[in-house]
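The next block holds one structure in the form of structure tokens; read it before the comments.
The values are calculated or read from the model by the stated rules, or taken from the named source; none is laboratory data. Note that the coordinates shown come from a computational prediction; the quantities given were computed from them, not determined experimentally. No Cβ is skipped: glycine too gets one built from the backbone with ideal geometry, and neighbour counts run over all protein chains shown.
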Amino acid sequence: MSRFYSFLLLFAGILGIQACADKYQSYSSKYTFRSQTGVPDYSNLDHWAAHPWKKDPSDSIPRPLQQEERDTIADVFFIHPTTFTKKEDFARANAAIDDPYINAKTDYSTILLQASAFNQYGRVFAPRYRQAHIGNFYSADTVSASKALALAYQDVRTAFLYYLEYYNNGRPIILASHSQGALHTIWLLKEFFEGKELRKQLVAAYAVGWPLQLKALSTIPVCATPEQISCVCSWRTFKKGYLTPGVTKENARGDSVLVTNPISWTTDHSFVGRTRNKGAVLTKFNKIFPTPADAKISNGVLFTEKPRFPWSFLYKTSNYHIGDINLYYINVRENVATRIRSFQEHK
């Protein structure tokens, strides 16, 4: 696992999904709220990483895009990935809701650099939750890991119910997420949308960085065209030809994993060149790096040649998990707008 962490941190530093500990430590002084019970209270804005009623990093727009048209036609319910990653904290299993360092890290990494991709036409809601520690995904103790993930989903579920009761008012919904957050999104789709009236409000779900198995959802399809609505997009990004041991096991078991190409927004296995990639948003949030990566679906994942951006020659690993959204940031942003327009036309 130590090698995994080394690769993760190297690529994280390049992409800016995570940064140096000192940066988050300095930001953490802003987070002075304390939970009396340890359980999130979603009537308290402090327990939301992003919320329309407060200014937060999800409101940020890269400088080259700041003149674009904006509106709040839809709601985006964003579930952030794992930011509880220090190995020495694994014994805790789940993050505390009021941990200032974790909250700072969440807000100034994934909320800034991922949730912001969805803000052009949507109000962004992103709950803090007692996320499962990253070690749970690699632990041999599957019982404890399952309990940690169940607790995390309990919070996400509670936040979503609170959002529905107090904020939604029948508005169109986009679910967006990455990694651990994508797993919780799939569970939300299963519980609240499949066979339910709420399905009519679903613009689309972006459950990125987690395997979307064919058997996971019975009636909500994978998005197969750019304009399709009430569907789910999912992909995991790797260097061409590379598969993690976990993906290799999936293929050996014959698991059918659904993938949408984030450049073409189709499910076919055609190669789509980097010239159609509108741009990445990395560490320098206000700069867009054009044509950073191509895309081709194969073996239940998304393959790309080695991404091209400043200093990418220093990057040696072949797992691009942390860049799943950022390498295709502008294409994601434009596709959200496309699906919202399509939703409005259908309704």
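Out of all the residues in the range 160-205, which are within 20 Å of Tyr329 (Cα to Cα), assigned to a helix (DSSP H, G or I) and not polar (S, T, N, Q)?
Matches in the range 160-205: Gly181, Ala182.
If we scan the range 215-233, do we find a residue that is surrounded by 15 or more Cβ atoms within 10 Å (Cβ to Cβ), among the β-branched types (Val, Ile, Thr) and either under 29 Å from Pro57 (Cβ atoms) or modelled with pLDDT under 95 (or both)?
Taking every residue of the range 215-233 in turn, at least one turns out to be surrounded by 15 or more Cβ atoms within 10 Å (Cβ to Cβ), among the β-branched types (Val, Ile, Thr) and either under 29 Å from Pro57 (Cβ atoms) or modelled with pLDDT under 95 (or both).
Go through (1) within 25 Å of Gly323 (Cβ to Cβ); (2) out of contact with any His (no Cβ under 6 Å at 6 or more places or on another chain) for Val208 and report which single condition fails.
Just one mismatch for Val208, condition (2).
Which of (1) modelled with pLDDT of 95 or more; (2) assigned to a helix (DSSP H, G or I); (3) not β-branched (Val, Ile, Thr) does Pro40 not meet, given it meets every other one?
(2)
Here are Asp46, Asp75, Asp56: which of them is charged (D, E, K, R), in contact with a Gly (Cβ under 8 Å, 6 or more places away or on another chain) and modelled with pLDDT of 95 or more?
Asp75
Which residues, counting only those in the range 145-178, are touching a Ser or Thr at 6+ places or on another chain (Cβ under 6 Å) and surrounded by 22 or more Cβ atoms within 10 Å (Cβ to Cβ)?
Of everything in the range 145-178, those that are touching a Ser or Thr at 6+ places or on another chain (Cβ under 6 Å) and surrounded by 22 or more Cβ atoms within 10 Å (Cβ to Cβ) turn out to be Leu175, Ser177.
Any idea which of Gly195, Gly254, Gly209, Gly181 is modelled with pLDDT of 95 or more, over 20 Å from the mean Cα position of the chain (by Cα) and of a type in the set (Gly, Ala, Ser)?
Answer to the selection: Gly195.
Closer than 20 Å to Gln25 by Cβ and in a helix (DSSP H, G or I): which single residue out of Ile111, Ile97 fits that description?
None of the others qualify; the one that does is Ile111.
For the range 269-284, name all the residues that are in contact with a helix residue (DSSP H, G or I) (Cβ under 7 Å, 6 or more places away or on another chain) and modelled with pLDDT of 95 or more.
Those that are in contact with a helix residue (DSSP H, G or I) (Cβ under 7 Å, 6 or more places away or on another chain) and modelled with pLDDT of 95 or more: Asn277, Lys278, Gly279, Ala280, Val281.
Can Ser298 be described as closer than 19 Å to Thr267 by Cα and surrounded by fewer than 20 Cβ atoms within 10 Å (Cβ to Cβ)?
yes
Does Lys316 satisfy the criteria of being more than 19 Å from Ser177 (Cβ to Cβ), out of contact with any Pro (no Cβ under 6 Å at 6 or more places or on another chain), surrounded by fewer than 16 Cβ atoms within 10 Å (Cβ to Cβ) and not aliphatic (A, V, I, L, M)?
yes
Restricting to the range 333-347, and then to whatever is touching a residue at least 60 places away in the same chain (Cβ under 8 Å) and under 18 Å from the mean Cα position of the chain (by Cα), can you tell me which residue is surrounded by the most Cβ atoms within 10 Å (Cβ to Cβ)?
Looking at the filtered set, the residue picked out is Arg339.
For the condition closer than 23 Å to Ile322 by Cα, of a type outside the set (A, V, I, L, M, F, W, C) and at pLDDT below 95, what is the one hit in Thr237, Thr244, Thr266?
Residue meeting the stated conditions: Thr244.
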